[in-house]
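The structure under discussion appears below in the form of structure tokens.
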Amino acid sequence: MKVGLFIPCYIDQFYPQVGIATLQLLQKLGCEVGFPQGQTCCGQPMANSGYEHLTHQCNSLFIKNFADYDYIVGPSGSCVLHIKDHLHDPAAEPKAEKIRQRIYELTEFLTDVLKVTSLPARFPCKVGLHQSCHGQRGLGLAQMSELVAAPFSKPEQLLRMVEGVELVPLDRADECCGFGGTFCVAEEAVSVKMGKDRVADHVKHGAEVITGTDVSCLMHMEGILRRQHAGVKVMHIAEILNQYTDEQANS
Amino acid sequence: MNRQTADHATLADKFNEDEPRVNWHDQTLWWVRAKRDRMAWTIPEWEQLRDTASSIKLNALGNLHDYLLQFEQQAQQNGAIVHWAADAAEHNRIVTDILQKHGVKRMVKSKSMLTEECHLNPHLEANGIEVIDTDLGERIVQLAKEPPSHIVLPCIHKKKEEIGELFHEHLGTPAGNADPQFLTAAARLHLRKEFLQADAAITGVNFAVAETGEMVVCTNEGNADMGAHLAKVHIACMGIEKIIPQRKHLGVFLRLLARSATGQPITTYSSHFRKPREGQELHIVLVDNGRSRQLGREDFRNSLKCIRCGACMNTCPVYRRSGGHSYHNAVAGPIGAILAPNLDMKDYADLPFASTLCGSCSNVCPVKIDIHQQLYKWRQVLVKEGYTSTAKTAGMKVMTGVLSAPGVYKTAGKMGRWVMRAFPGMVNNRMNPWYKQREMPAPPAQSFSEWYKKNKKST
């Protein structure tokens, strides 16, 4: 199985450790992973700002980079959702369609395609799980609190396989953190207030680490936590799932 | 309501100057959302009910012309006088004409977001007719000379102490008394007098049944009934999208409406108005005001399914932290943000951007309007129609240029990170809205792709 690793632009530039953890985790689980060097951005920042018509070059680039893979996997629910919903190219529509159907956010790839049932990882820590909206409500990574339906959560399912992880409960299990792309600067006051409230929920319940499937939300919450000198860390879920056990660390 | 020049972000910024008040506003509305959740969970077939309601509305909108004519015919047979208004101005003119014909100087009005949309109150006042809003929340904002901040909970932005002060000033209650029960009793006495004196009553309409020509008005206070039963003229104002085909469909909508709105199983009063009583005139004003234009917009048509429950406002994390007035439109929140640009793209170009597109609104919507997807689509329309700033467009073009060329992107990224490390003041300054209340991410020496090149064989 050839997996194309999709590392969104801001992860590439600011959170390389998330890309490394994702790559190592996929390899650990037996995937043959390629990283196309020509990739840049999915086009979401422009599209969500109303400029979807400017994204055709990003789309062509994405298709060029990823058309040959069996699966495309990225550690970002938001960027994956954007591709799934909006990747089109009149000159290469069959390829675009194939990519839309074959692109996965990392945790759903693990639970649904690789059907992972155990992970050789240990992380003794109190962890708060932030359910990023685009992953949760857009990709359906977890049940949503608004719906009258049976609960499930793909990220939580994976975190429960990690030895030592203690998930903390939250007052508002799936409220948005307020990042929202350009919203985070265009609507600075509300964005920050939403982020402060989200962070406070995790801190109140004793989280030592806040994790999630989207680095964008985590970046926003990290910025607030660091300004508050809160001492709570953020880590992408790939970094936790890729933690070594003591045995592996000693060998 | 006066048109405001400030946009949502500016008004929200102002709202956030008082953080304890934002917390209070957020928690009050979250409490309503939680009540709605508990009530929804008492109905195992809740999601099926939403599907059914959505389908009935789809049918109603798809056959609106026929249902409206059927409704008109039935209503006329029932003895009502039916009027058609193409826009807000015509609606206001029709209502004023009816009132002037009867020499009405003072009248009562139960809650009607349509009359807010049409700015009826200022129009009537300009014509020498005094309007008393009889919904308690609406009366409170009317005394405060403010527009409602929420379609179901018009004065949700006001604290009981502020209401106590207003009542002291206008109704003569003792200064400093903010006991809700006492204040409600005072309002009751005050409104009773108004009901008895009113020459005419305006009500809104929640559902108009094509099959029978009847209208259903839902209130918790019985104020629509008090007004309509006492006055010699009853004027019911409704948007043309309020039509439902058959009476039995009320069984779906009445189960959804109050549960979604306030977490009640049903509103205290679900009053059916069918015929004028002996000696009374019943007028029904059917208003388009942009609705048929919205019906013609395929991407936005479904917004007309809205039954005005307000659930999308209560769940919206942005609405809860920016307040209803920040939307500067009669209907605030996510649903307001997809309805308003249809009325005026220029005035409301900011509203579809006042969202993180989290999608919670679409999930609570009892008629399953794809609200957050419509917000996304409105953004595309507004940009294409030229309602965004040239600076933003220029910025987006630069960004697109960088992200469309891998070489440029890599160089720009490397340079950007270097600048951030060498001259943090270049980004960590007052000009950067991110930095105002957040730290910037720490720029690493190496990007992932640089790491990959060094550590892995390139593919």
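The values are calculated or read from the model by the stated rules, or taken from the named source; none is laboratory data. Please read these numbers as outputs of a predicted model, since none were measured by experiment. Don't worry about glycine lacking a Cβ; one is built from the backbone with ideal geometry, like all the others, and counts go over all protein chains shown.
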Within region B:429-459, the count of residues that are polar (S, T, N, Q) and either away from chain A (no Cβ under 11 Å) or touching a residue at least 24 places away in the same chain (Cβ under 8 Å) (or both) comes to 3
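Listed here are the residues, each with its yes/no results for (1) outside any helix (DSSP H, G or I); (2) touching an Asp or Glu at 6+ places or on another chain (Cβ under 7 Å); (3) buried (at least 21 other Cβ atoms within 10 Å of the Cβ).
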{"site": "A:I20", "(1), (2), (3)": "no, no, no"}
{"site": "A:Q57", "(1), (2), (3)": "no, no, no"}
{"site": "A:L61", "(1), (2), (3)": "no, no, yes"}
{"site": "A:D68", "(1), (2), (3)": "yes, no, no"}
Specify the residue that is nearest to the chain's Cα centre (by Cα); the eligible residues are those in region B:107-137 that are farther than 24 Å from B:D288 by Cα and in a helix (DSSP H, G or I). B:G137
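Please verify whether B:M431 is in a loop (DSSP other than H, G, I, E, B) and out of contact with any Phe, Trp or Tyr (no Cβ under 9 Å at 6 or more places or on another chain), treating the condition exactly as stated.
yes
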Looking only at residues in region B:379-427 that are without any contact (Cβ under 8 Å) to a residue 24 or more places away in the chain and outside any helix (DSSP H, G or I), which one is nearest to the other protein chains (Cβ to nearest Cβ)? B:A405
Among the residues of region A:83-90, is there at least one that is within 10 Å of another protein chain (Cβ to nearest Cβ), surrounded by fewer than 24 Cβ atoms within 10 Å (Cβ to Cβ), charged (D, E, K, R) and touching a helix residue (DSSP H, G or I) at 6+ places or on another chain (Cβ under 9 Å)? yes
Verdict on A:D112 being within 13 Å of chain B (Cβ to nearest Cβ), out of contact with any strand residue (DSSP E or B) (no Cβ under 6 Å at 6 or more places or on another chain) and assigned to a helix (DSSP H, G or I): no
Residue satisfying all of: in region A:148-169; under 18 Å from A:G138 (Cα atoms) and surrounded by fewer than 16 Cβ atoms within 10 Å (Cβ to Cβ); nearest to the other protein chains (Cβ to nearest Cβ) among these: A:A149
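Yes/no matrix, rows are residues, columns are (1) more than 11 Å from every other protein chain (Cβ to nearest Cβ); (2) not polar (S, T, N, Q):
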position: B:A261; (1), (2): yes, yes
position: B:F273; (1), (2): yes, yes
position: B:L282; (1), (2): yes, yes
position: B:V318; (1), (2): no, yes
position: B:Y348; (1), (2): yes, yes
position: B:C365; (1), (2): no, yes
position: B:Q374; (1), (2): yes, no
Yes/no for B:L304 being surrounded by fewer than 22 Cβ atoms within 10 Å (Cβ to Cβ), assigned to a helix (DSSP H, G or I) and either hydrophobic (A, V, I, L, M, F, W, C) or touching a Pro at 6+ places or on another chain (Cβ under 6 Å) (or both): no
Condition test on B:C312, is it in a helix (DSSP H, G or I), outside the structural domain of B:V141 (by the TED database) and touching a Cys at 6+ places or on another chain (Cβ under 6 Å)? yes
Filter region B:1-48 down to the residues that are β-branched (V, I, T) and either facing chain A (nearest Cβ under 9 Å) or in contact with a Lys or Arg (Cβ under 9 Å, 6 or more places away or on another chain) (or both) and list them by number. B:V22, B:T28, B:T42, B:I43
With the structure loaded, tell me whether B:K410 is at pLDDT 90 or above, surrounded by 13 or more Cβ atoms within 10 Å (Cβ to Cβ) and closer than 15 Å to A:D12 by Cα or whether it fails that test. yes
Would you mind finding the one in A:A96, A:A67, A:A142, A:A150 that is among the small types (G, A, S), in contact with a strand residue (DSSP E or B) (Cβ under 7 Å, 6 or more places away or on another chain) and farther than 17 Å from A:S216 by Cβ? A:A142
Can you tell me which residue in region B:243-296 is surrounded by the most Cβ atoms within 10 Å (Cβ to Cβ), limited to those that are under 30 Å from B:D199 (Cα atoms) and among the aromatic types (F, W, Y)? B:F273
For region A:204-251, give me every one of the helices (runs of 4 or more DSSP H) that falls completely inside it and has 2 or more residues that are in contact with an Asp or Glu (Cβ under 9 Å, 6 or more places away or on another chain). A:215-228
Qualifying residue in region A:203-215 (condition: of a type in the set (A, V, I, L, M, F, W, C), facing another protein chain (nearest Cβ under 10 Å) and in contact with a helix residue (DSSP H, G or I) (Cβ under 6 Å, 6 or more places away or on another chain)): yes
In this structure, is A:A186 within 8 Å of chain B (Cβ to nearest Cβ) and surrounded by fewer than 20 Cβ atoms within 10 Å (Cβ to Cβ)? yes
Given the condition touching a Cys at 6+ places or on another chain (Cβ under 6 Å), away from chain A (no Cβ under 12 Å), of a type outside the set (G, A, S) and on the phi < 0 side of the Ramachandran plot, answer yes or no: does some residue in region B:49-57 qualify? no
